[in-house]
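Here's the structure we're looking at; comments come further down.
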């Protein structure tokens, strides 16, 4: 995996996770980087989100320090001080300013961070920084909580003769018990971006990727997506056309990262891709896609390998935006189940077999002849999901 | 059970349900009754809903004919004709006009009604009409589909010396597989109401009862709630004050009926009652209540007997309406878990024990110091729910 120039990485274990797994992740840029952040829409916001929000966008960021195992959420004034302390110690140990450090936390809600352990973890991480792929992987592993697997992606591109690398790491497998929250994503590039560019690019990428996934639709208190661009690849700030090319790659990488979350949803057996076309606007398409994706009946039907058009069509029907009946058309894994507003005969066993044999369910729904469209990804609802989220008691 | 005067009832089996259970229900008023209807908000609307909508409110209704086992939804022009035929045949056999008949259907979506069987069922029902409690119970049973139990309630009141009876029957256990849809409710009274009064009273009752319940939030294509008032008790049309007293009883009866649905939700082990207070308005309280009630993480926590305040508070946080942190307070079955915006120490095993020992989970959440409040009822999300909705394949 090619990494962007001018970054070092570390992932260490300080004991917040009782399993002994890595729980402190550090990313350091050798030079000041521009950076942007997109944060949870939840009004109950964790301390690290408050900290980051006050610092982005920026043109002089140096590092992102993250702990997993404890979300530092619902922890009041002490939580705010603990997040500040994480930044202060990272800054001090790296020889930079606290304002140059972003901080993320993920894990259990409502408990104070064990600061003695965290502080040791920060020192250990600074001491083990390196720019190898192994260092990167360890820092990506250290942000995980109940994830079954590491979530990384990268892209390479050539802009005006300059070779640019783009890499991302993410975590998340639903908002999960006991109170294990949080989607986190860090994107790093050695391209040169203005703070405005970084902000604009990240917002658009978030809209197309992490804002289009759900496991159970529970927006956590800690969701954070960050982008750093340190310009270490050389070259000038991206011009309009280069920005477009870069945006295409950033968006694709973020979608690749985002889809790994519902795939990894607790107990999930299928990734469900809901594509809506023909809506009056993208916003209306999004509302319909989210409503279909949020339906427990749709999610259990996919789990049950049941090409159940009635649940999908009726979910679209209560989403809110107008449905043009004569254009209403539904395909599931390529089988047409509903057309021109009416159910049609289809090979049910064959359609069901695609759900048995594939781990992806593609729902394509046309709701009119408008220009609006949207693709949303979610996971199915399984017996294992309910077991996981009910048996794990605080 | 006391029944309102001037109604006769029948419930018969015509074979739509392969189990042989009753599937045609008829309610006939001996004299023209005023009536009102409240219908599904789903844009994909079943034929009988289209039929009823065109006839209510009215001052001259005579009967409600209902079949279960087939929803007559997504059945196009033929479905519309079949609903009309049900009304025509009922009218003809009872010697009244088709415009005086309302029609409801519930069951599988996307299949045409087996009209030969239905027609026989209508004739049999007309022939077996009677005004005994047994007749009423049979007609209440004939509207059920996957319900585990009959859903009925009644109230008696005295208005200006006139003894008034109010009775209701309902069905529904979620929007359920395969495509088994529909909440239905019929309320009957022998009070004398104007069509306007009936409409106004029914809307308010629906808002407080059936619009405040969810199993998985899937609004079906057939949801219908009807009120008939035939004035057979004697007396004049209700005046303002009498209307208020009547409304109180109607609302209470409808809430009693509505709560029977999530209690009967497939695989449900708990009725969850979510009460929101302190919101800026009732509408905002409702949005928060619905969001908390719709959270799979809240629903699985209750199933898992887990007093998980984090899931409840964070669901309120993403509902949309403003939360005043310093007023944020949560009680679960009388235990205070969160107060003044912060989690507080509580006896976890004791709180959990109330969820183990009771089938009701009472969530009381204060979100500010405003006048808005709302109570919503839902069921928990269990392994059995997922099994039921995934294994039952079309």
Original post:
Going by the conditions given, is residue A:190 at pLDDT 90 or above, more than 19 Å from residue A:153 (Cβ to Cβ) and more than 14 Å from chain B (Cβ to nearest Cβ)?
Top reply: no
Original post:
residue B:235 is checked against (1) buried (at least 19 other Cβ atoms within 10 Å of the Cβ); (2) away from chain A (no Cβ under 14 Å) and fails just one. What number does that condition carry?
Top reply: (1)
**OP:** Answer with yes or no whether residue A:124 is more than 14 Å from every other protein chain (Cβ to nearest Cβ), on the phi < 0 side of the Ramachandran plot, modelled with pLDDT of 95 or more and not in a strand (DSSP E or B).
**Re:** yes
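For the structure I just gave you, tell me whether residue A:126 is in contact with a helix residue (DSSP H, G or I) (Cβ under 6 Å, 6 or more places away or on another chain) and under 28 Å from residue A:31 (Cβ atoms).
yes
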Original post:
When you look at residue B:273, is it surrounded by 22 or more Cβ atoms within 10 Å (Cβ to Cβ), in contact with a strand residue (DSSP E or B) (Cβ under 9 Å, 6 or more places away or on another chain) and more than 7 Å from chain A (Cβ to nearest Cβ), yes or no?
Top reply: no
Original post:
Does at least one position in the range B:281-288 carry a residue that is buried (at least 24 other Cβ atoms within 10 Å of the Cβ) and either within 13 Å of chain A (Cβ to nearest Cβ) or not in a loop (DSSP other than H, G, I, E, B) (or both)?
Top reply: yes
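Restricting to the range A:235-268, and then to whatever is in a loop (DSSP other than H, G, I, E, B) and closer than 25 Å to residue A:145 by Cα, can you tell me which residue is modelled with the lowest pLDDT?
So the first thing to find is which residues in the range A:235-268 are in a loop (DSSP other than H, G, I, E, B), and the list is A:235-239, A:264-268.
So of that shortlist, the ones also closer than 25 Å to residue A:145 by Cα come out as A:264-268.
Numbers: A:264: 83, A:265: 78, A:266: 74, A:267: 82, A:268: 87.
For the range A:235-268, the residue satisfying everything is A:266.
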**OP:** Scan the strands (runs of 3 or more DSSP E) fully inside the range B:301-394 and keep the ones with 1 or more residues being more than 7 Å from chain A (Cβ to nearest Cβ), in contact with a helix residue (DSSP H, G or I) (Cβ under 6 Å, 6 or more places away or on another chain) and surrounded by fewer than 16 Cβ atoms within 10 Å (Cβ to Cβ).
**Re:** none
Original post:
For the range A:81-100, what are the residues that are closer than 22 Å to residue A:145 by Cβ and crowded, with 20+ Cβ neighbours inside 10 Å?
Top reply: A:82, A:83, A:86, A:87, A:90
Subject >> Selected residue (only one of B:101, B:109, B:122 is touching a residue at least 60 places away in the same chain (Cβ under 8 Å) and under 28 Å from residue B:229 (Cβ atoms)) >> reply: B:122
Subject >> Flag for residue B:278 being touching a residue at least 12 places away in the same chain (Cβ under 8 Å), buried (at least 23 other Cβ atoms within 10 Å of the Cβ) and over 27 Å from residue B:198 (Cα atoms) >> reply: no
**OP:** Could you tell me which of the residues B:193, B:188, B:157, B:144 is within 21 Å of residue B:63 (Cβ to Cβ), assigned by TED's automatic domain parsing to the domain that holds residue B:17 and not in a loop (DSSP other than H, G, I, E, B)?
**Re:** B:188
**OP:** Can you confirm whether the range A:129-136 contains a residue that is crowded, with 18+ Cβ neighbours inside 10 Å and either in the same structural domain as residue A:256 (by TED's automatic domain parsing) or more than 21 Å from residue A:39 (Cα to Cα) (or both)?
**Re:** yes
Original post:
Can residue B:292 be described as assigned to a helix (DSSP H, G or I), facing chain A (nearest Cβ under 7 Å) and touching a strand residue (DSSP E or B) at 6+ places or on another chain (Cβ under 8 Å)?
Top reply: no
**OP:** Go through the range B:239-268 and give me each residue that's under 21 Å from residue A:386 (Cβ atoms) and touching a helix residue (DSSP H, G or I) at 6+ places or on another chain (Cβ under 6 Å).
**Re:** B:266, B:267
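The values are calculated or read from the model by the stated rules, or taken from the named source; none is laboratory data. Remember, it's a predicted structure, so these values are computed and weren't measured experimentally. Quick reminder, even Gly has a Cβ in these numbers, built from the backbone with ideal geometry, and neighbours come from all protein chains shown.
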